[in-house]
Amino acid sequence: MKKIGSLILFLVLAFSLSACAENSNKETSQKLPSDSSTESMVTMEEESAETEEHDETEEISGNHVLIAYFGRWGNTEFPDDVDASTSASIVIGRDGNLQGTTEYVADLIREYVGGDMHLIQTVEPYSEDYDKVVEKNRQEQEEGVVPELQSTDLDIEQYDTIFIGYPIWATTIPRPIVSFLSQYNLMDKTIIPFCTHAGYGSGGSYADIQELCPNSEVLTGLAVEAEKISSAE
Ligand SMILES: Cc1cc2nc3c(=O)[nH]c(=O)nc-3n(C[C@H](O)[C@H](O)[C@H](O)COP(=O)(O)O)c2cc1C
């Protein structure tokens, strides 16, 4: 009788031990997949971040990008001996050639994002004399002048994303930018403004662009202080 009792006790103990072992295995095996699933989640997140990045790049390169810009350089009959020390609107480009301040930023955007460059040029050039430009701009803004632009073969239809670059003139866009935005149909296009300025920032320029292009998506722009142009990159 005692032997049968011991046998039953042994069987019960053996059974509970094996059940414990199984449970602990189960715990281990439950932990493992969950640990590895965390790992795989991280990997998936990384992968999805990579994919998103990849998609974004594809999105940009798939888009047809135009970088249209205006500046005094290209719209002023500067004397032949003009250099970067003569005018605040001229900088030495990264290739060593003279460039306009806004053009410098336009070039950087082209380098990083890609796209076609388009210099916005007025039929009537602006004076090389800074004060005369200030005066002319004041008059153009006051009278709501829309200066005539030089004709080009620009086909705006082929672009989805349009960077618009300009110097800040009296806290907003110069009037030739108004001409450009009014002349071309930018409906449903994405507009990304960028500007250079003498330290007072983008002013009301982004809001003014949005007002002129109510059917375009105008993103927050990039404002670069002319004096800090060399670190604009
Ligand atoms: C007519 C005129 C008005 C300007 N008004 C402003 C202004 O309101 N705020 C500012 O920070 N800079 C102002 N500036 C400075 C220009 O925005 C700055 O020099 C710009 O970088 C010039 O770019 P660009 O060389 O491409 O023409 C003005 C310049 C001119 C010629």
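Nothing in this text is a laboratory measurement; each read-out follows from the coordinates by a stated rule. The structure displayed is predicted, hence computed values, not measured ones. FYI the Cβ positions are ideal-geometry reconstructions off the backbone, even for glycines, and counts take in every protein chain you see.
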Task: Sole exception among (1) near the ligand (Cβ under 9 Å from one of its atoms); (2) among the aliphatic types (A, V, I, L, M); (3) assigned to a helix (DSSP H, G or I) for V224, by number - done: (3)
- [ ] Would you please list the contacts, defined by Cβ atoms under 6 Å and residues six or more apart or on different chains, that run from a residue in the stretch 132-143 that is under 13 Å from R72 (Cα atoms) to a residue that is more than 9 Å from the ligand (Cβ to nearest atom) and of a type in the set (S, T, Y)?
- [x] V133/S127
Task: Filter result (surrounded by 15 or more Cβ atoms within 10 Å (Cβ to Cβ), farther than 15 Å from G71 by Cα and of a type in the set (D, E, K, R)) within the stretch 101-148 - done: R110, E140
